[in-house]
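What follows is one structure encoded as structure tokens, with my remarks underneath.
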Amino acid sequence: MKTPISIRRGTVAAVFVDLQEEHRKDKRYLVEGFAELLANVQRLQQAARRNFVPLYHWAYIVDLAEARPFHPVDDSGKSVFSDKDDPLTAICHEVAPQDGEAMLIKAQASVFGKGDFAIKLQAAGIEWLIIVGVWTEACIDATVKDAIALGFRVLLVKDACGSATAAMHQTGILNLANRLYGGAVTNTLDVCRLMAGDTVSVWQVEGSVPLRFTFENAAQLYAEL
């Protein structure tokens, strides 16, 4: 159901996950609708900067010397994705960090996998995290679930996330929406309004697994979030 919320200034940060060139240039990892996704991310970044919301940019970069067990490699022995020597791991120029914004590296799905990121956010008084990026059912899913477990409220911006296909993205959002306790699923326009101090009606989970989606109704349920 949709309920009105507002967010106190100084308690929200924006997290941008894996918005890298490989998702529009490497045919193995193309994200459907990536141009539109990046345009929405740009709007979110502009609103964050206007409203003094801190921005954290994350890139997935794999060093096989430190990779997880069973990490996939290609015939040349390099990581099949996000290899540290691949120039396509660069953040897309339209949404790249500006001066003073944090550029962070991860080697696993979640931005909370290693390091003290959560501790730094909590020390800064952050309660809400705006989470956007790719892929919805992979790195976004892992990041959102970890954020909730760590006690953050998540604003999951459905039209600023994406995956290889609309079906993968939409079902990924629906899966998260069913368990997004304390947070909300919303869209770019409404998150921009929330950062500006407005009260906005957003979709919040109520009860246990309310979105019983099927192949036939998933797109409609997603549109109603």
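Anything in region 42-60 that is open to solvent by 40 Å² or more (accessible area, probe 1.4 Å) and not in a strand (DSSP E or B)? List them, or say none.
Within region 42-60, Gln42, Arg43, Gln46, Arg49, Arg50, Phe52, Pro54 qualify.
Ser6 - would you say it is among the polar types (S, T, N, Q), in contact with a helix residue (DSSP H, G or I) (Cβ under 9 Å, 6 or more places away or on another chain) and at positive phi?
no
For a quick check of your reading of the model, give me the residue pairs whose first member lies in region 11-22 and is touching a residue at least 24 places away in the same chain (Cβ under 8 Å) and in a loop (DSSP other than H, G, I, E, B), whose second is among the hydroxyl-bearing types (Ser, Thr, Tyr) and open to solvent by 10 Å² or more (accessible area, probe 1.4 Å), with beta-carbon atoms closer than 6 Å and at least 6 apart or on different chains.
Asp18/Tyr60
Restricting attention to region 110-128, report how many residues are in contact (Cβ under 8 Å) with a residue 60 or more places away in the chain and either assigned to a loop (DSSP other than H, G, I, E, B) or among the polar types (S, T, N, Q) (or both).
Result for region 110-128: 5.
Looking at region 34-55, is at least one residue of a type outside the set (Val, Ile, Thr), closer than 23 Å to Lys145 by Cβ and free of Cβ contacts under 8 Å to residues at least 60 places away in the same chain?
yes
So which residues in region 81-95 are open to solvent by 30 Å² or more (accessible area, probe 1.4 Å), part of a loop (DSSP other than H, G, I, E, B) and hydrophobic (A, V, I, L, M, F, W, C)?
Of everything in region 81-95, those that are open to solvent by 30 Å² or more (accessible area, probe 1.4 Å), part of a loop (DSSP other than H, G, I, E, B) and hydrophobic (A, V, I, L, M, F, W, C) turn out to be Phe81, Ala90.
Quick one: which residue in Ala147, Ala167 is at pLDDT 95 or above and either open to solvent by less than 50 Å² (accessible area, probe 1.4 Å) or touching a His at 6+ places or on another chain (Cβ under 9 Å) (or both)?
Ala147
Right, Ser110: of a type in the set (S, T, N, Q), touching a helix residue (DSSP H, G or I) at 6+ places or on another chain (Cβ under 8 Å), surrounded by 17 or more Cβ atoms within 10 Å (Cβ to Cβ) and on the phi > 0 side of the Ramachandran plot or not?
Against the criterion (of a type in the set (S, T, N, Q), touching a helix residue (DSSP H, G or I) at 6+ places or on another chain (Cβ under 8 Å), surrounded by 17 or more Cβ atoms within 10 Å (Cβ to Cβ) and on the phi > 0 side of the Ramachandran plot), Ser110 does not qualify.
Would you tally the residues in region 129-154 being of a type in the set (Val, Ile, Thr) and not in a helix (DSSP H, G or I)?
Within region 129-154, residues that are of a type in the set (Val, Ile, Thr) and not in a helix (DSSP H, G or I) number 5.
Taking Arg49 as meeting all but one of (1) over 30 Å from Gly125 (Cβ atoms); (2) modelled with pLDDT of 80 or more; (3) of a type in the set (Lys, Arg), write down the number of the exception.
All conditions are met except number (1).
Which one of these is under 19 Å from the mean Cα position of the chain (by Cα), among the aliphatic types (A, V, I, L, M), at pLDDT 95 or above and surrounded by fewer than 17 Cβ atoms within 10 Å (Cβ to Cβ): Leu121, Leu155, Leu129, Leu104?
None of the other options fit; the residue is Leu104.
The values are calculated or read from the model by the stated rules, or taken from the named source; none is laboratory data. The structure displayed is predicted, hence computed values, not measured ones. Backbone-built Cβ (ideal geometry, glycine too); neighbour counts: all protein chains shown. Just the protein is used for accessible areas: all its heavy atoms, side chains included, with ligands, DNA and RNA removed. Shrake-Rupley method; radii C 1.70, N 1.55, O 1.52, S 1.80 Å.
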